[in-house]
Structures are given as structure tokens and as C-alpha cells.
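Accompanying notes for the structure given below.
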Amino acid sequence: MPRDQGLHVAIVGAGFSGLLTAIQLLRQDPAVRVSLIERRAAFGPGVAYDTGNPGHLLNVRLDNMSAFPDEPGHLADWLAEQPAWRAQDGFITRGMYGDYLRHLLDEARDGAPERLSLIRGEARSLDAVEGGWRIEIGDRSVTADALVLALGNLEPASPPGLDAAVLASPAYVDNPWRIEPETIGAARNILVIGSGLTMVDAVLTLQRPGRRFTALSRHGLLPRGHATVPPEPFLGEFSGSPSAVLRQVREAALTHDWRAVFDRLRQGARGLWRRWTPDQKRRFLRHLRPLWDVHRHRMSPGTAREIGSLLASGELRVLAGKLTGAVLDGETVEVAWRPRHRRRPIRDRFDLLINCTGPLGTIQHSAEPVIRDLLTKGYARPDPLGLGLEVDEAGRLTDAAGRPAPGLYAIGPLTRGAFWEMTAVPDLRGQARELAATLTAGLARV
């Protein structure tokens with residue numbers, strides 16, 4: 001590419017990770033050009049923040065949700081200019097945050113219209129070409145010096161044991177983010193498979209008088225709630241194996257608010273993860289991940305109160321166990337599930353099943369076209385734990401032969417195998433800034 005045209009970076013995915021990487025690139029290099037590729041109609045908010053439901057609140061306080069790590073008041077300043085907004089215990093709606101991201105996109109386009117291109121379409125295949133990468137998008141292609149995969153969380157996977165007739169019926173919802181409340185009819189008895197924040201969103205979206213929900217997950221654990229008032233910070237340190245860290249956390253929680261202890265743990269999670277051996281990481285995922293998830297991914301205080309009320313009234317029950325089978329019987333589904341620590345299954349009937357088990361856990365099973373293409377062609381390989389794609393410290397993908405792929409990067413949940421905590425705004429905004437600096441510095445040397 002002629003140097004006077006500037007360096008060109010293509011980003012696949014225009015949710016938070018992709019948008020912030022694009023903005024950081026435009027900020028850091030006045031000559032760089034960015035193509036932002038998104039298959040959904042909405043550029044900016046992504047799936048997580050593209051909601052108008054007032055019951056869907058952020059699970060991080062607004063004072064820690066600025067898009068820029070070096071401008072902590074950026075979101076608050078933008079909110080102060082909005083005609084109508086409110087926070088509940090310091091938490092705003094996800095839809096309002098989506099509006100903030102749309103504002104950032106508009107600002108970037110207005111500030112550099114000739115350097116930022118928005119391309120609507122699904123990236124289906126990639127090929128290395130001289131000096132860069134070519135991305136096929138429907139009936140067109142884009143060629144760039146470097147490519148960033150910002151795909152967000154992988155698609156959900158259907159739980160094992162569901163009969164094919166159930167999977168094909170209207171009585172099963174495979175992706176909770178596509179739920180339209182008016183389309184589920186008169187369903188009164190609903191089974192939600194999973195008990196995390198996705199379940200919480202689904203229940204609050206579909207709650208109606210006379211409707212009852214059962215949430216079934218392996219451990220039957222609910223996300224914990226944020227404190228109404230932020231606790232005093234904990235300044236201790238953590239080190240050692242996963243079991244040693246667990247002991248240290250429990251000891252610290254005897255004298256400090258557990259939320260402050262866990263917030264401090266999260267700040268050092270990347271370093272701990274890097275120092276753990278592969279076997280220690282596997283033990284953490286097998287034994288401690290459920291505890292990590294419910295303390296790390298919390299409900300806002302208002303959401304926690306609503307869920308507590310539903311539990312107290314019996315409109316929601318949470319069970320620990322494993323789904324072993326589900327068959328269609330007329331317009332209802334007969335479900336077999338085995339309670340935790342028991343061998344004999346229990347059978348129940350439900351009008352509707354909703355899969356809230358969360359993102360796909362094994363990337364080799366992903367149906368995402370661009371991921372399948374990368375793995376098939378050997379441009380990338382799964383990380384050793386199967387959490388995402390293998391990347392180096394700079395975020396470059398590792399090819400099938402174990403070599404860094406020049407000019408091919410990933411950001412966000414795809415990099416969990418290397419960095420672990422890469423799902424929330426406080427993590428992603430820093431990663432976006434670091435990746436943009438790596439790209440501009442690295443490409444400038446080419």
C-alpha cells in the first residue's frame with residue numbers, strides 16, 4: 001500500500017472492543033485508516049448494550065464505565081449533558097450505555113470521516129496476501145495491512161440431552177438475546193437452563209403475573225449483588241496457587257467487605273493467571289470458576305432486590321443439578337434432571353425452555369464462519385485450555401505451527417486463554433488502548 005495513503009486496519013466486530021480499538025487507533029495515529037466490519041445493523045453497542053429494557057442495568061457502577069482508562073469522568077461528563085437520565089444506586093441502564101457508545105462512534109466519524117469506514121456484512125473468510133490480509137464479506141472483500149478480531153463472546157451452545165424435536169420447536173429458545181416477550185405466548189411454567197446474569201436478564205424481561213421460572217445449573221449458584229454504597233478499598237495482595245489464593249481471599253473477607261477483596265483480586269488476576277501453570281489453570285476452571293463467576297459478575301443492588309423478591313414469592317426457584325434429557329410431549333416439554341449429589345433423576349413439565357448457559361466454552365465447536373475458516377486454514381489455533389484462540393502477549397494470533405501470525409490480532413473474550421479476565425469494560429478499554437499502540441508502533445516499522 002502506498003505510504004501516503006496511511007496504514008489500514010480492518011476490525012471484525014463493532015461492539016465495545018472493536019469500537020474502542022478503532023477509536024484508539026484514530027487517536028494515536030493521525031494517518032491510520034480503519035474499516036469497522038459488523039454483521040448486525042447496530043454499530044457500537046453490540047449485543048450487550050443494544051437493549052431498550054429499563055430493567056437491564058449495567059453490572060458495574062457508572063464511575064468505572066468510562067470508555068477511556070485515562071479519562072475516568074468521560075461517561076459522567078456525557079451523562080451530564082443528556083436531557084433525561086437517572087442512575088439507580090449508581091448503575092445506569094445498558095441501553096443508556098449503548099447510547100453513549102453510539103455517541104462515541106458519531107464523534108469518531110465526525111472527527112475523521114475519511115479515515116473511518118463502516119462496513120455492514122458478515123466476515124466469512126480470511127486470506128493472507130502480500131503485506132496484509134484480505135477479508136471476504138458477502139459479495140465484496142476488504143484488504144488491510146492488519147486485521148483485528150473483536151467478535152465478543154462466542155455463540156451459546158445447546159445443552160446436551162435435548163431431543164431434536166425440542167430443539168426445532170417453539171418451546172425452546174436457543175439464544176436468550178433474541179427473546180421477544182410477545183412471541184412466547186401463554187407460557188406460564190418456564191425452565192431457564194443456567195443461573196447467571198443471562199438468566200437474570202431473561203427472567204426480568206419475561207416476568208408476568210402468574211408466570212413461574214425454574215433456573216437449573218450445575219451448582220445452583222446465583223450472582224451476588226453489589227453493595228448499595230461502594231465499600232472501602234482493600235489494599236492487600238494475593239499470590240501463589242489457586243487454592244492458596246482462595247485461602248487468602250477467605251481470610252481477607254473476615255475483616256473486609258468481600259466485594260472490596262474481590263475487586264482487588266480482580267486487579268491482579270491477569271498476573272496470577274500468567275504465573276499459574278497449565279495444570280493450575282485447569283484446576284481453577286474445574287473447581288473454582290463457579291465461585292469466581294458469581295462473585296465477579298454481580299447484579300446491581302436494584303436487580304438483586306428484584307430477584308430476591310421473586311425468590312421470596314416463589315415466582316423463581318433456583319435448583320442445583322444436571323439436565324439429562326428433554327422430549328416434546330404435545331405443546332409442553334418433559335424434562336429429566338438429576339439433582340446435585342443424587343443419582344436418580346426427577347421429571348418435570350415446562351411450557352418453555354430457555355438456554356442461558358452462556359457463551360460456548362470450546363472454540364473448536366464454534367459455528368462462527370470466520371473462526372472456522374481461520375482454524376481450517378491454519379492461521380490460528382485454539383489456546384491450550386480451549387477458552388479461545390491462542391495469542392501472544394501482544395495479542396497476535398498463533399498459527400497452527402505455533403508461530404505468531406503477522407498482522408493478525410484478537411481482542412476481548414477470544415484472548416481469555418492468555419489473559420483470563422477480558423469480558424468487562426474495565427478490562428477491555430485497557431486492552432484496546434494497548435492493542436492500538438502495538439498496531440501503530442508495529443506497522444510504522446514495516
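The values are calculated or read from the model by the stated rules, or taken from the named source; none is laboratory data. This is a predicted model, so every value here is computed, not measured. Cβ placement follows ideal geometry from the backbone for every residue including glycine, while neighbour counts extend to all protein chains displayed. Just so you know, the surface numbers come from the protein's heavy atoms only, side chains and all, with ligands and any DNA or RNA stripped out. Shrake-Rupley method; radii C 1.70, N 1.55, O 1.52, S 1.80 Å.
For the reader, a short list of remarks on this structure follows.
- Arg109 more than 30 Å from Arg33 (Cα to Cα), among the basic types (Lys, Arg), open to solvent by 40 Å² or more (accessible area, probe 1.4 Å) and not in a strand (DSSP E or B): no
- Entry remark, region 155-166: residues being surrounded by 15 or more Cβ atoms within 10 Å (Cβ to Cβ) and among the hydrophobic types (A, V, I, L, M, F, W, C) number 3 in total.
- Single match in Ala14, Ala10, Ala31, Ala22 (criterion: among the hydrophobic types (A, V, I, L, M, F, W, C), touching an Asp or Glu at 6+ places or on another chain (Cβ under 6 Å) and either closer than 22 Å to Tyr409 by Cα or without any contact (Cβ under 8 Å) to a residue 40 or more places away in the chain (or both)): Ala14
- Close pairs (8 angstrom Cβ cut-off, 6 or more residues apart or separate chains): closer than 15 Å to Ala14 by Cβ in region 91-108, of a type in the set (D, E, K, R) and modelled with pLDDT under 95 anywhere: Gly98/Asp50
- Counted residues, region 30-42 - those being at pLDDT 90 or above, of a type outside the set (Ser, Thr, Tyr) and open to solvent by less than 30 Å² (accessible area, probe 1.4 Å): 5
- Residue match in region 155-163 (condition: farther than 26 Å from Pro359 by Cα and either touching a residue at least 24 places away in the same chain (Cβ under 8 Å) or in a loop (DSSP other than H, G, I, E, B) (or both)): no
- Scope region 130-154; condition open to solvent by less than 50 Å² (accessible area, probe 1.4 Å), part of a strand (DSSP E or B) and closer than 18 Å to Gly6 by Cα; matching residues: Gly132, Trp133, Val142, Ala144, Ala146, Leu147, Val148
- Enumeration of residues in region 196-219 that are open to solvent by 10 Å² or more (accessible area, probe 1.4 Å) and among the polar types (S, T, N, Q): Thr198, Thr205, Gln207, Ser217
- The numbered conditions (1) closer than 16 Å to Val370 by Cα; (2) touching a Pro at 6+ places or on another chain (Cβ under 9 Å) are all true for Ile135 except (2).
- Highlighted here are the strands (runs of 3 or more DSSP E) found entirely within region 330-434 that include at least 1 residues which are in contact (Cβ under 8 Å) with a residue 60 or more places away in the chain and of a type in the set (S, T, N, Q): 332-339, 352-355.
- Qualifying residue in region 241-257 (condition: among the small types (Gly, Ala, Ser), in a loop (DSSP other than H, G, I, E, B), open to solvent by less than 60 Å² (accessible area, probe 1.4 Å) and over 20 Å from Arg289 (Cα atoms)): no
- Of all residues making up region 44-88, the number that are modelled with pLDDT of 90 or more and on the phi > 0 side of the Ramachandran plot: 1
- Within region 65-90, the residues that satisfy the criterion of being out of contact with any Ser or Thr (no Cβ under 6 Å at 6 or more places or on another chain), more than 19 Å from Leu428 (Cα to Cα) and touching a residue at least 60 places away in the same chain (Cβ under 8 Å) are Gln88, Gly90.
- Top-ranked residue in region 50-101 [being part of a loop (DSSP other than H, G, I, E, B) and charged (D, E, K, R); ranked as least open to solvent (accessible area, probe 1.4 Å)]: Arg61
- Condition met for Gly321 (open to solvent by less than 20 Å² (accessible area, probe 1.4 Å), touching a residue at least 40 places away in the same chain (Cβ under 8 Å) and out of contact with any helix residue (DSSP H, G or I) (no Cβ under 8 Å at 6 or more places or on another chain)): yes
- Among the candidates Asp163, Asp174, the residue that is charged (D, E, K, R) and more than 26 Å from Tyr49 (Cα to Cα) is uniquely Asp163.
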